[in-house]
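What follows is one structure encoded as structure tokens, with my remarks underneath.
The values are calculated or read from the model by the stated rules, or taken from the named source; none is laboratory data. The shown structure was predicted, so the numbers you read here are calculated from the model rather than taken from an experiment. Cβ sites come from the backbone with ideal geometry, for glycine too, and all protein chains shown count toward neighbours.
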Amino acid sequence: MIEKQEKPERAEEGLEDEHFRLLVESVLDYGIFMLDPEGRVQSWNSGAQRIKGYAADEIIGRHFSAFYPQAAQDKGWPAHELSVAKREGRFADEGWRVRKDGTQFWANVVITAVHDRTGRLRGFAKVTRDLTDRKRIEELEKSERRINEFLAMLGHELRNPLAPIRNAVAILRAGPAGGGDGPEQRAAGIIERQVHHLSTLVDDLLDVSRITSGKIALRAESLDLAGPVRAAMEAARPGMERRRQSLDFQHDGALLPVVGDPTRLTQIVLNLLDNASKYTPAEGHVLLALEKLDRLAVIRVRDDGIGIAPDLLPRMFGIFVQGDRSLDRSQGGLGLGLTLVRRLVDLHRGTVTATSAGAGRGSEFEVRLPLDSAPALDAPTPAPRTGGGAVYRVLVVDDNRDSTETMAILVGMWGHDVRVAHDADEAMQAAAEFRPRVVLLDLGLPEVSGYEVAERLRGLPELAGVIIIAMTGYGQEEDRRRTREAGFAHHLTKPVHPDTLKEILTSIG
């Protein structure tokens, strides 16, 4: 009777074992295999062969240390894994492993101790997943974060010395001989242009970083595209006049309503104009045309410059790509302008193309943007300004003494009463005694940040209603958001343009 009862049970167990074997064998995304108590491979499924590269007859009987880099073995792996699994029943880890061909992959590994019914250790079940793609993505993300952090720091460190230089130029411009055309004023003009150029390079670097990482957001509104286009044209014209280049504008005056960020739209056109000017010799011609084509607004920038070689055309919008640099051009650039154009146009749901008949035959760039089907272009009436000629007590707080001194001189030349401080303690003492109406506050102060200084200043009863303006080398959107949330009235990125600051001080009620 006992034999007759055991035979069906054994048959069922055998059938279950076969089903389990087939299940394990069919799994391709996981390497599943058994090890004996000493770590020698006892079984091998198709997933293990796909991940590690060994056929079953090549690996069964070998020790599983074959899957570990020498550096890991020198540190006591994989014996450590078996020791933990034997003691605790399970071991899980991620790390680099080695395939048959010697290449490494990032593996997620789970080792489980297997015991028989008497509790005796029979070996280990090991499951391996290849997570190399995930690891590479994580490494790329880390690298991108490091690059973004580096670019932000680079921008800050470059902007700090540019700030006093720009202030000093503004002081020279506003001095007794500021309206003349002597050598001093010509030198001041050169410095001013080069400071602007360096500031633009820093902005381009940071913009590419922000757009690439998805950290830039458009401040979109319904507008007439002619406005940003004309603003770009006026910004580009002085540089082109210095190069004795002509800039012609073609537009029939028709309304071209689009939804976009006016600042970024101006940047798109200005970069195209700067690019055309850069690659066009002196006394060359640049055409800027604006027109409607079906349901699209079209911007064209055409020049009669050096043209674009056919092999370069497909790569024109790539990062750091530049054309022939044999001509003598004062504005070199980093090859970022067209990259920014492409990314910004994409954000506006548009397209940009480049064409050229070849070297020496000029080039043309065309931007197409969708027209707004329901424009609302009535511009709000500007709020009337009060106190246009008012004089204020202004406290300048910055640990960079050159920046503090030049800013104080400049603001004083505008008629305001100015005091300076170089750290938090000086700022608090000066504020209590001086009771400023406006505080120009650097955020990167030593020991105590500008954010904390601002909070302390607002806590002084005698400074009720004080206007605190952030001055900083950090100008990314996250930085601006943080200053807004901290209650700063304005966020000015170094080097602060004197006209911008003067406009803010004039607008205070």
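Summary table below
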| quantity | calculated |
| --- | --- |
| Any hit, segment 230-249, residues being in contact with a Lys or Arg (Cβ under 7 Å, 6 or more places away or on another chain), part of a loop (DSSP other than H, G, I, E, B) and within 27 Å of Arg193 (Cβ to Cβ) | no |
| Residues of segment 263-282 satisfying the condition of being touching a strand residue (DSSP E or B) at 6+ places or on another chain (Cβ under 6 Å) and modelled with pLDDT under 90 | none |
| Residues of segment 26-70 that turn out to be of a type in the set (Ser, Thr, Tyr), at pLDDT below 90 and within 19 Å of Trp106 (Cβ to Cβ), as a count | 1 |
| Condition met for Glu144 (part of a helix (DSSP H, G or I), more than 30 Å from Tyr474 (Cα to Cα), out of contact with any strand residue (DSSP E or B) (no Cβ under 9 Å at 6 or more places or on another chain) and touching a residue at least 40 places away in the same chain (Cβ under 8 Å)) | no |
| Leading residue by the ranking (farthest from the chain's Cα centre (by Cα)) among those in segment 71-105 that are more than 26 Å from Gly119 (Cα to Cα), at pLDDT 90 or above and surrounded by fewer than 11 Cβ atoms within 10 Å (Cβ to Cβ) | Asp101 |
| Strands (runs of 3 or more DSSP E) within segment 404-509 that include 3 or more residues among the hydrophobic types (A, V, I, L, M, F, W, C) | 417-421, 438-442, 467-472 |
| Failed item, numbered, when Leu255 is tested on (1) closer than 23 Å to Thr351 by Cα; (2) touching a strand residue (DSSP E or B) at 6+ places or on another chain (Cβ under 6 Å); (3) not in a loop (DSSP other than H, G, I, E, B) | (3) |
| Index of the failed condition, Glu221 passing every other in (1) free of Cβ contacts under 8 Å to residues at least 12 places away in the same chain; (2) surrounded by fewer than 17 Cβ atoms within 10 Å (Cβ to Cβ); (3) within 29 Å of the chain's Cα centre (by Cα) | (1) |
| Residue match in segment 476-485 (condition: surrounded by 14 or more Cβ atoms within 10 Å (Cβ to Cβ), free of Cβ contacts under 8 Å to residues at least 40 places away in the same chain and among the β-branched types (Val, Ile, Thr)) | no |
| Verdict on Phe434 being modelled with pLDDT of 90 or more, in contact with a Lys or Arg (Cβ under 7 Å, 6 or more places away or on another chain) and of a type in the set (Phe, Trp, Tyr) | yes |
| Only listed residue being surrounded by fewer than 20 Cβ atoms within 10 Å (Cβ to Cβ) and either under 30 Å from the mean Cα position of the chain (by Cα) or aliphatic (A, V, I, L, M) (or both), chosen from Met407, Met413 | Met413 |
| Pair list, Cβ under 8 Å, 6 or more apart: segment 326-350 residue under 14 Å from Arg368 (Cβ atoms), other residue of a type in the set (Phe, Trp, Tyr) and at pLDDT 85 or above | Val341/Phe365 |
| Residue that is surrounded by fewer than 23 Cβ atoms within 10 Å (Cβ to Cβ) and at pLDDT below 90, where the choices are Ala254, Ala226 | Ala254 |
| Counted residues, segment 441-475 - those being surrounded by 15 or more Cβ atoms within 10 Å (Cβ to Cβ), over 18 Å from Leu162 (Cα atoms) and either touching a residue at least 40 places away in the same chain (Cβ under 8 Å) or β-branched (Val, Ile, Thr) (or both) | 6 |
| Count - residues of segment 275-300 that are over 15 Å from Ala354 (Cα atoms) and part of a helix (DSSP H, G or I) | 2 |
